[in-house]
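> Have a look at this one.
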Amino acid sequence: MPTQEEKAQDEMLVRDMKAGQMEAFDKIFELYQRKIYALAFNMTRNQMDAQDVTQEVLLTIYRKIDTFQGKSAFSSWVYRITLNATYMKLRNKKKEQYVSLDEGLPNFNHAGFQNEKVSDWSKSTDSLLFSNETKGVIEKAVELLPEKEKVVFMLRDVEGLSTEKVGEILDLTIPAVKSRLHRARLFLRKKLSSYFDEYQTRSSKK
Amino acid sequence: MICCKECIDLLCDYFEGTLDPATAASLEDHFKDCPPCVSFLETYRQTSDLCRKTLTPVEIPEPVQIKLREFVKNHIQSP
Ligand SMILES: [Zn+2]
């Protein structure tokens, strides 16, 4: 959640901008361009697309500021505009892909207990966790997430917004945010686990 | 005792700290006796951390920053 000061600052800037003060827009540009670009880039993984989206969002903020009524935080409004512009981009080039997110769960026996070993790679060395190969695996796995899960994961876990804030931006209930987040994490965990297991096998053969 | 499947269903709430104390306690009891769930919990948590650290911070590349400033100048400040 933005702090009270940030909220107060946003409200002041919006008021000044509605009154036609260009400096207020410049300040908003400074405060928000990285947030807009980062979200667009993480959703599209494409510099050109992220640039286009950022430009569109800046233009929309400028043109539509009068329609912003302050029912939600200004930052939520900006995130929503960013996502709408991002969805348009993705829609134009979307290859159809269906991933079943049930894949994220381990095997259970009929009583609901896990019946195989779960490897714990969480304490691997930094040189493995932060290798370029791991980075590539993460980027690919995130790209496979369906849009609904991906956006929640990006806002909550990557950008670090609170669950409540994500609900406000996406107009979702808290349980709905959590269930999408959980599905995304399970799916990504599974992908990472397969990769680290395979890595272990590979390096033990050497 | 709650089963592994129930444990995993509750992980998100567990980390948000929104479980009622009794449920959280039964989850922790389960973890004491179930190494697979502990591994699952650790890797579940690490998944979020690792993805965040890998995908952030996104900085705007210099050429894009220049383009954005130009765009604002041409389309917004003096349209
Ligand atoms: Zn268990």
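The values are calculated or read from the model by the stated rules, or taken from the named source; none is laboratory data. Note that the structure is a prediction, hence the values are computed from the model and not measured. Here the Cβ positions follow ideal geometry from the backbone for every residue, glycine too, while neighbour counts run over all protein chains shown. Side chains are part of the model used for accessible areas, which takes the heavy atoms of the whole protein and leaves out ligands, DNA and RNA. Shrake-Rupley method; radii C 1.70, N 1.55, O 1.52, S 1.80 Å.
> What is the Cα radius of gyration of the range A:63-206 over 2.2 N^0.38 Å, N being its residue count?
My calculation over the Cα atoms of the range A:63-206 gives 1.28.
> Indicate the residues belonging to the range B:3-17 that lose 30 Å² or more of solvent-accessible heavy-atom surface (probe 1.4 Å) upon moving from the chain alone to the assembly of all protein chains, ignoring ligands and nucleic acids.
Correct list: B:3, B:4, B:5, B:8, B:12, B:16.
> Give me the distance in nm between label points sitting 7 Å out from Cα along the Cα-to-Cβ direction at residue A:7 and residue B:25, one decimal.
3.5
> Taking every pair of Cα atoms in the range A:143-206, average 1/r, invert it to obtain the Kirkwood radius, and report Rg/Rh to two decimals.
Value, to two decimals: 1.18.
> Computed on alpha carbon atoms, what radius of gyration and Dmax characterise the protein assembly as shown, expressed in Å?
Over the protein assembly as shown's Cα set, Rg and Dmax evaluate to 21.5, 69 Å.
> What ranking of A:65, B:66 comes out by heavy-atom accessible area, probe 1.4 Å, highest first?
B:66, A:65
> Can I ask one more? Sort by residue number and name the cysteines in chain B that have no neighbouring cysteine Cβ under 4.7 Å.
Result for chain B is B:3, B:4, B:7, B:12, B:51, no neighbouring Cys Cβ within the cutoff.
> Determine the relative contact order of the range A:101-205: mean sequence separation of Cα pairs under 8 Å and six or more apart, normalised by residue count, in whole percent.
Relative contact order for the range A:101-205 comes out at 38 percent.
> If you filter the range A:90-157 for GluC sites (Glu not before Pro), then keep DSSP loop positions with at most 14 other Cβ within 10 Å, what is left?
Within the range A:90-157, the qualifying GluC sites (Glu not before Pro) (loop, at most 14 other Cβ atoms within 10 Å) are A:96, A:116.
> When Cβ neighbours within 10 Å are restricted to other protein chains, what is their mean count per residue of peptide A:110-116?
Taking all residues of A:110-116 together, the mean is 5.
> Something else now. In the range A:97-177, which trypsin sites (Lys or Arg not before Pro) are in a loop and have at most 16 other Cβ atoms within 10 Å, using DSSP for the loop call?
Filter output for the range A:97-177: A:117, A:123.
> Would you please give the residues with an amide H less than 5 Å from that of residue A:108, counting only those at least 5 places away or on a separate chain, with H modeled from the backbone geometry?
none
> Figure the gain on full extension for residue A:164 and residue A:117 (residue separation times 0.36 nm, minus the Cα-Cα span) and round it to one decimal in nm.
Full extension of this stretch gives 13.4 nm more.
> Filter chain A for me: DSSP H helices, axial length by Cα at least 30 angstrom, mean Kyte-Doolittle hydropathy not below -0.5. List them by residue number.
A:22-44
> Starting from the coordinates of the alpha-carbon atoms of the range A:4-93, obtain the Kirkwood hydrodynamic radius over all distinct pairs and give the value in Å to one decimal.
Every distinct Cα pair counted, the radius reaches 13.3 Å.
> Where does the range B:1-70 land on Rg/Rh, using Cα atoms and the Kirkwood Rh?
My calculation puts Rg/Rh at 1.32.
> Restrict the search to the range A:80-153; then list the chymotrypsin sites (Phe, Trp or Tyr not before Pro) that DSSP places in a loop and that have at most 11 other Cβ atoms within 10 Å of their Cβ.
Qualifying residues, ordered by number: A:98.
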